[in-house]
Amino acid sequence: MMLIRYKKSFEKIAMGLLSYMPSEKDLKKLQQTIKQYDSDKNWQLFLWKVDEDIIGLLGGVWEDDSTFKIHHISLNPSHRGQGIGNSMVKALKDLYPDKQIQSNKLTSAFINKCEQEGSE
Ligand SMILES: CC(C)(COP(=O)(O)OP(=O)(O)OC[C@H]1O[C@@H](n2cnc3c(N)ncnc32)[C@H](O)[C@@H]1OP(=O)(O)O)[C@@H](O)C(=O)NCCC(=O)NCCS
């Protein structure tokens, strides 16, 4: 399993996964969000691939050269509760070992939880 960079051909699956975020229930908002990931280079979206299936999503914004803030994290419901969400956060940190990975209001509950587990 691995994090892959979002590209336009994954738009449908990415929108499906994004819609699990409580903030993305409205279709207009969801379309705006995916457009932002498509068009603004500071916004970066990753997908979590297991074999040939895409089951998770992690995205956010580079606040500056050294800080990435996670705005979206979601997983297909049939794969939850097995540590995959935690693995996605860890994979992002491994990809950017020199950068600060932060969360926002909507993702902090889970990201903080991952941090606690990482330090146990
Ligand atoms: C958040 C999400 C990606 C977690 O994925 P996951 O693979 O099930 O998570 P993990 O198995 O790695 O971790 C599970 C632990 O995180 C906790 N957790 C799950 N969702 C959480 C949330 N929204 N806030 C805080 N903790 C959460 C679980 O209670 C569990 O704790 P435990 O180990 O003490 O039982 C998944 O639940 C999801 O897609 N949710 C819908 C989207 C969403 O709400 N995203 C924003 C989250 S703040």
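Read the figures in this text as sums done on the coordinates, not as results from a lab. Keep in mind that this is a model prediction, so the values were computed, not measured. Please note: Cβ atoms are built from the backbone with ideal geometry, for glycine as well, and neighbour counts cover all protein chains shown.
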Expressed as a rounded percentage, what relative contact order does the chain have, with Cα pairs under 8 Å and six or more residues apart? 23
Could you size up the charge dipole of the chain around its Cα centre, putting +1 on the beta carbon of Lys and Arg and -1 on that of Asp and Glu, and report it in debye to the nearest 20? 400
Within 10 Å of each residue's Cβ, count the other Cβ atoms and sort 67, 33 from fewest upward. 67, 33
One finds the C-alpha centres of region 31-48 and region 97-115 to be spaced, in Å, by 18
How large is the charge dipole for region 78-120, taken about the Cα centre, if only the Cβ atoms of Lys, Arg (+1) and Asp, Glu (-1) carry charge, to the nearest 20 debye? 200
Please say if the chain is rounded, prolate or oblate, where rounded means a/c under 1.5 for a ≥ b ≥ c the square roots of the C-alpha gyration tensor eigenvalues, and otherwise the choice is prolate for a/b larger than b/c and oblate otherwise? rounded
Sort 115, 52 so that the residue with the fewest other Cβ atoms within 10 Å of its own Cβ comes first and the one with the most comes last. 52, 115
If each residue's Cβ is checked for other Cβ atoms within 10 Å, how do 50, 61, 89 rank with the fewest at the top? 50, 61, 89
